[in-house]
Amino acid sequence: DASGKVDAQWHEIQQERLETLKPLIQSMPDLLIENAKNLGDVRSWTVEENGLHLYSYVKQNNPKIGQMFLDQIVVNIPQNIKDNFYMHLNGNNLAVIPKVLTKQNAVEYYLQKHDPESERFILGYGDSLSDFGFLANCDWFGTPQNSQIRNFTEAKLEADYAVKGYFGHD
């Protein structure tokens, strides 16, 4: 809240959602380092906030343009991890995030709790592909010119146009 106090109800919801995944989250850095063993040197850690183990990151220690390999780590992720987590790659950051932990869930909770019957206009901003879920809850949204969302959308539009010969859908 405005005074910096954690929303106890939201914290409890997140704690319940993450409880069964806690062992996987805590072991994730070792798994990510093991998966990178034949690819290159990495570091990995689990992000913890307010007593909750949330998600894990892995980064290359000596990233060089054209020699990024974090996407290859995902290939050997066990199926039980893929079933319960999503991977988000952005430059030299590969995050492995529980599917129950999303900005979309947070936005839906916030709006329901603080403004359930509002006719208020909701405007959102996001740059990552993983932001799209919460942006879909907004009446309007914006994204920076140089962002994952913009670059992905442009590439998909060009590919779609090349196939159909027009912009639009059926």
Open item on the list: So V47 passes all but one of these: (1) free of Cβ contacts under 8 Å to residues at least 60 places away in the same chain; (2) over 23 Å from D7 (Cβ atoms). Which condition number does it fail?
Closed with: (2)
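Looking at the range 6-41 only, could you name the residues that are in a loop (DSSP other than H, G, I, E, B) and either closer than 24 Å to Q79 by Cβ or in contact with a Pro (Cβ under 6 Å, 6 or more places away or on another chain) (or both)?
Here is the first cut: in the range 6-41, the ones in a loop (DSSP other than H, G, I, E, B) are 6-7, 20-21, 37-41.
Of everything in the range 6-41, those that are in a loop (DSSP other than H, G, I, E, B) and either closer than 24 Å to Q79 by Cβ or in contact with a Pro (Cβ under 6 Å, 6 or more places away or on another chain) (or both) turn out to be T20, L21, K37, N38, L39.
Being closer than 30 Å to F152 by Cα and in contact (Cβ under 8 Å) with a residue 40 or more places away in the chain narrows it down to one of L24, L111, L32, L70, so name that one.
Numbers: L24 fails: closer than 30 Å to F152 by Cα; L111 fails: in contact (Cβ under 8 Å) with a residue 40 or more places away in the chain; L70 fails: in contact (Cβ under 8 Å) with a residue 40 or more places away in the chain.
Testing whether each residue is closer than 30 Å to F152 by Cα and in contact (Cβ under 8 Å) with a residue 40 or more places away in the chain leaves just L32.
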TODO: Pick out, from the range 42-130, the strands (runs of 3 or more DSSP E) lying fully within it that include 2 or more residues that are modelled with pLDDT of 95 or more and loosely packed, with under 15 Cβ neighbours inside 10 Å.
DONE: 42-49
TODO: Quick one: in the range 5-34, of everything that is open to solvent by less than 30 Å² (accessible area, probe 1.4 Å) and not hydrophobic (A, V, I, L, M, F, W, C), which residue is nearest to L70 (Cα to Cα)?
DONE: P29
Open item on the list: Can you pull out every residue in the range 131-160 that is part of a helix (DSSP H, G or I), open to solvent by 80 Å² or more (accessible area, probe 1.4 Å) and either touching a Lys or Arg at 6+ places or on another chain (Cβ under 8 Å) or closer than 18 Å to Q104 by Cα (or both)?
Closed with: F132
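The values are calculated or read from the model by the stated rules, or taken from the named source; none is laboratory data. Predicted model, so just to flag it, every value in this text is computed and none were measured. Here the Cβ is made from the backbone with ideal geometry for all residues, glycine too, and neighbour counts use every protein chain on show. Heads up: the accessible areas ignore ligands, DNA and RNA and are worked out on the full protein's heavy atoms, side chains in. Shrake-Rupley method; radii C 1.70, N 1.55, O 1.52, S 1.80 Å.
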